[in-house]
1. Which pairs turn up if I take residues in the stretch 105-125 that are surrounded by fewer than 17 Cβ atoms within 10 Å (Cβ to Cβ) and look for partners that are of a type in the set (G, A, S) and part of a loop (DSSP other than H, G, I, E, B) with beta carbon separation below 9 Å, at least 6 apart in sequence or on another chain?
2. Can you tell me which residue is surrounded by the most Cβ atoms within 10 Å (Cβ to Cβ) among those in the stretch 34-53 that are in contact (Cβ under 8 Å) with a residue 60 or more places away in the chain and of a type in the set (D, E, K, R)?
3. Any idea how many residues of the stretch 76-96 are of a type outside the set (S, T, Y) and open to solvent by less than 20 Å² (accessible area, probe 1.4 Å)?
Amino acid sequence: MPIPVCGLFLFSAMVAPPQSSGNASGKFTVGDKSTELRYVRAREGKDPFDSTKQQIRVILSDAPISDNDMEDPFALSDGAQAGKLHAVEVVLSLDGEPTGGSLYHQAFGPGHVTVSGMHIFDRKTLDDKTLAGRLYMKEPSDFMDTTFVYDATFTTALEHEPKPAGRGRPSSPNTMPCAATTWLPSSVFRRRKE
């Protein structure tokens, strides 16, 4: 029986290591504890509240951000609640204006708090491929008596939201084309001995 090669590719994609497409340098302070912000990812995609608009999500963190973290709406909160991640997410318009954001830290009950009005973006580069600059707050703010402030510079590739496969439905192993497997040598296909 042939080995399903598509399944092998899907399995290798599921166990891929965390991705981080850029470098950051800065601090995120919550209460009296500071965390170094060393990783950044930025992705352009649809605004979840207005599908006619695009936005850019920028995530600065102390740990690498995986593709799953970028796609799962609960992954960052879960990581923060467990104390494994401390991150600042800022949403930018396509012309670089901050429109809102979230802070991920175990000090905030569910692992995050949504905040707006205090984010500042000093743009260095904003084009179809690269996002660079400084994201910061002029002064500390607070949420339920917990103070917070952040300041970081960064450079990263600007990712683009993956397009859904066919008519908006995610692909599955049964429907995914496996054209990429045609170059594999025949030795990849082994038959089980009965």
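The values are calculated or read from the model by the stated rules, or taken from the named source; none is laboratory data. Nothing here was measured: the structure is a model prediction, and the numbers come from that model. Cβ coordinates were reconstructed from backbone atoms using ideal geometry, including for glycine residues, and neighbour counts include every protein chain displayed. The protein model used for the area step is the full one, side chains on, heavy atoms only, and it has no ligands, DNA or RNA in it. Shrake-Rupley method; radii C 1.70, N 1.55, O 1.52, S 1.80 Å.
1. R123/G96
2. R41
3. 10
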